[in-house]
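Here is the structure we will look at, set down as structure tokens.
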Amino acid sequence: MASDSAESNMDREMILADFQACTGIDNIAEAITLLELNNWDLVAAINGVIPQENGILQSKFSSEGSQASMYGPPSHAEAADAAAGGAVPPPSSSSSSSSPPSSSALAFCPINSSSRHIVERQPRMLNFKVEYRQRCVELVLEEGSTVGEIKQILESELAVPVSKMQLKGWKSGDVSDSTVLKSLHLPKNNSLYVLTPDIAPTASTSKNSALQDSLNQSFLLIISHREAQRDYSLNFPGSRTIQEVKRNISDLTNIPVRHQQWEGWPASASDDSRKLLAIYLHNDDSVLSNVFCSQMMCADSIVSYLSQNFITWAWDVTKEANKARLLTMCTRHFGSVVTQTIRTYNTDQFPLLLIVMGKRTSNEVLNVIQGNTTVDELMMRLMAAMEIFTAQQQEDIKDEDEREARETVKREQDEAYRLSLEADRKKREAQEREEAEQVRLEQMRKEQEEEKEAIRLSLEQALPPEPEEESAEQISKLRIRTPSGEFLERRFLSSCKLQVLFDFVASKGYPFEEFKLLTTFPRRNITQLEPGSTLMEAKLFPQETLFLEAKE
């Protein structure tokens, strides 16, 4: 078992090396992926990467008898040439009943195994962007094509006769229609333009120009949300689709597209977002094309079913350049797997009908219907595709509902969190205001105390000196009881004014404006007397006991 596994791994390594050598794919991961898609069939994987419409590559799993009748066993000279890296010469007519096409360009693909294969060299493709009167046409052609072939394609695209068309923009100057593109040594991407001096602009050209101007123009849509009683003024480019507008409104209002009901769109406006896409690929070289078109695509039941449930689009792949353009578009929109699938179909298997479904943000090919079918079988496969599409729609609706429910819960949680933050903010602001008010009041109190202290000191300094007890002048000895129960004692000249007594009491912290000075018996309010009166006149001589009381 270990020996078989080792041999299998060694075979796969050789197949991987051969595949990379033939295709030029350096990325090992990509090469392994392509081989696994083809169950490690080397030839099938190469055919999937390199177009083989005119090729002669045969699978190693095909009949040995068929292969031998086609090529015959390799001679010793051929083996020597192969070992030296040379191309294997084509077989002679005697070795096969049908010789390979002489026009095919062949290249030798070195194979590590004893068998050898001939692989068609992939032609180099050139991209052209051709501008004509506000129009731009993109073309993809082989470098073996001629300038005249470009003009023929442009004739069908632009409705301009080749005889009146001047194709400009060549770096080598003007070229003739018979010039082969390969001889011009062109880069992969090229820009050209068409001049038609003999053709005046037509109404059709003006219409196309107006359409292009509309696509480039910006449109202001005033959208009224009636339930919320709110209007939105939104600018959209002319290339924006109705479906994209609805998605943008869904982002603004949280209303899913399928729940939106609109009024005001023009009658010609439509939204085909809920339909499948049917791509018809035609090839004139296939014998089945006429039968499929006349019998299948013209059947009333097929036409009715397609028109009701599908968006149909057709493409002609008869010319190699058109097929190259199709493969480029498929790679861009559907991915390399679909492109590889289309490459694997031979001309005799055309026409093809590709059923494409939009799945979330991507596109998926549901089915590929070949031309060798019947009306009933075609209808059954179309209906099966619709069943898958309907089931996918239901799944999308379910996912959207679940997403909407999650978003609703999240919005509610966010709103509760916002309200909590708002409450905390208001509480914090109230606390900060309260603290600021306390600081302000404390500052005011401090300033008032400082002001009172300054007044007290100034009054204390302005007081006349206390007379001696043995003074020759008449002295009044006053004893003042404070609200705290303490006593203030001082001698005053009997000729002193009452204002001096008031200043003394104020210098001790009892200002005249806040306290009143009273006698004990009889009870008199001294502060109501004239401050200019003397102590003698106020009968506060020779001694008196007074008490302080706060004013009401």
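The values are calculated or read from the model by the stated rules, or taken from the named source; none is laboratory data. Since we're looking at a predicted model, the values are computed, not measured. Cβ placement follows ideal geometry from the backbone for every residue including glycine, while neighbour counts extend to all protein chains displayed. To get the accessible areas, we keep the full protein, side chains included, count just its heavy atoms, and leave off ligands, DNA and RNA. Shrake-Rupley method; radii C 1.70, N 1.55, O 1.52, S 1.80 Å.
Worth pointing out:
- Solvent-accessible area per residue in segment 216-259 equals 70 Å², computed with a 1.4 angstrom probe and all protein chains kept.
- Too-long pairs where the Cα-Cα distance tops 27 Å, listed order kept, from 446/477; 182/319; 129/164: 446/477
- Using the average count of surrounding beta-carbon atoms within 10 Å as a protection proxy, the listed peptides 513-523, 530-540 rank, highest first, as 530-540, 513-523.
- Between residue 445 and residue 195, full extension at 0.36 nm per residue minus the direct alpha carbon distance yields a gain of 80.7 nm.
- Sorted peptide list for 216-225, 350-359, criterion being average Cβ within 10 angstrom, highest first: 350-359, 216-225
- Counting only DSSP beta bridges with both residues in segment 212-342, the antiparallel share comes to about 55 percent.
- Measuring between their Cα centroids, segment 511-538 and segment 335-393 lie 116 Å from each other.
- Residue (of 233, 255, 222) at the positive-pole extreme of segment 216-259, dipole from beta-carbon charges: 255
- Residue-level accessible surface for residue 164, protein heavy atoms, 1.4 Å, Å²: 90
- All other residues whose Cβ lies under 12 angstrom from that of residue 454 are scored, Lys and Arg at +1 and Asp and Glu at -1, for a net of -4.
- Spin-label model, residue 461/residue 179: points 7 Å from Cα along the beta carbon direction are separated by 10.9 nm.
- Carbon plus sulfur fraction of accessible area for segment 276-383, probe 1.4 Å, in percent: 52
- Computed E for residue 471/residue 513 - FRET, C-beta separation, R0 25 angstrom, nearest 0.05: 0.20
- Unit charges on C-beta of K, R, D, E only; dipole of segment 276-383, Debye: 540
- Radius 12 Å from Cβ of residue 494, net charge of other residues (Lys, Arg +1; Asp, Glu -1): +1
- Under the convention that each Lys and Arg Cβ holds +1 and each Asp and Glu Cβ holds -1, the size of the dipole of segment 346-418 around its Cα centre is about 180 debye.
- If you plug the beta carbon distance of residue 418 and residue 227 into 1/(1 + (r/R0)^6) with R0 = 30 Å, you get a FRET efficiency near 0.85.
- What segment 307-455 shows is 66 Å² of accessible area per residue, with the surface traced by a 1.4 Å probe over protein heavy atoms.
- Rounded accessible area of residue 313 (nearest 10 Å², 1.4 Å probe): 100
- Contour excess over end-to-end distance, with Cα ends at residue 375 and residue 135 and 0.36 nm allotted per residue: 82.4 nm
- Taking 0.36 nm per residue of separation and subtracting the current Cα-Cα distance, fully stretching the chain between residue 536 and residue 328 would add 62.6 nm.
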